[in-house]
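Quick note: the coordinates plus some simple rules give every number you see, no bench work behind them. Just so it is clear, the model here is predicted, and its values are computed rather than measured. Backbone-built Cβ (ideal geometry, glycine too); neighbour counts: all protein chains shown.
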Amino acid sequence: MSCLSKTALDSSFGSFSILSRKVINEFLRFNERERHYLFVLRWLGFNIGTIEYDHNERFAGKSSYSLSRLVRHAFDGVFFQSTDLLKWIVTAGLAFSFLGIVSSLYFVFSYFAHGSSPGWTSLFVAMLICTGAILVSLGVLGLYIGKIFDQVKDRPLYALDVVLEHVDK
């Protein structure tokens, strides 16, 4: 999840936190409906410390998070925090297009040198190049929509840690 989210998350930590009032106030400035707690805390950029403690087994009841709910929560965290997956789609599209162009050169050369089944070469090359072009187009469109999505979230531009008063002499 860390590779998609642009943020290094240590999976050994849970979401149990002790926060200062300053961090809580900045967290509450986020108007997003789907805010992922740990990502927002990391995004705020305040200093983070850890306190080690023994995490005991649950002595009564069971967790309200099922496996499907945990997976959905992880996907929400990745998809609502980053457009990196869309960049990977554009990269895959460019790779398919490049593969289509290289293979078209190979198959055209092979056709003139050795001959091949009629129609197979053109179908294969057209399929690779069209798949690449569609993936690139969808990825670029997704990146534009991702930029709009970032703007609509209306996140604060920055979080203030310390405010210095200007004193006139």
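Pairs to check: LYS87/LYS147; LYS22/LYS147; LYS87/LYS153. Give those whose C-alpha atoms are more than 24 Å from each other in this structure. Don't skip to the answer; put the middle values down first.
On the way: LYS87/LYS147 12 Å; LYS22/LYS147 29 Å; LYS87/LYS153 20 Å.
Among LYS87/LYS147; LYS22/LYS147; LYS87/LYS153, the Cα-Cα distance tops 24 Å for LYS22/LYS147.
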Next item on the list: Treat each spin label as a single point 7 Å out from the Cα along the C-beta direction, and report the LEU94 to VAL162 distance in nm.
Entry: 4.2
Margin query: Can you compute the modelled spin-label distance between SER122 and SER110, with each label point 7 Å from Cα toward Cβ, in nm?
Written below: 1.8
Next item on the list: Would you kindly derive the ³J(HN,Hα) couplings of the stretch 21-32 from the backbone phi angles with the Karplus curve 6.51 cos²θ - 1.76 cosθ + 1.60 (θ = phi - 60°), listing them in order in whole Hz, with x for Gly and Pro?
Entry: 4, 4, 5, 4, 4, 5, 4, 6, 6, 7, 9, 5
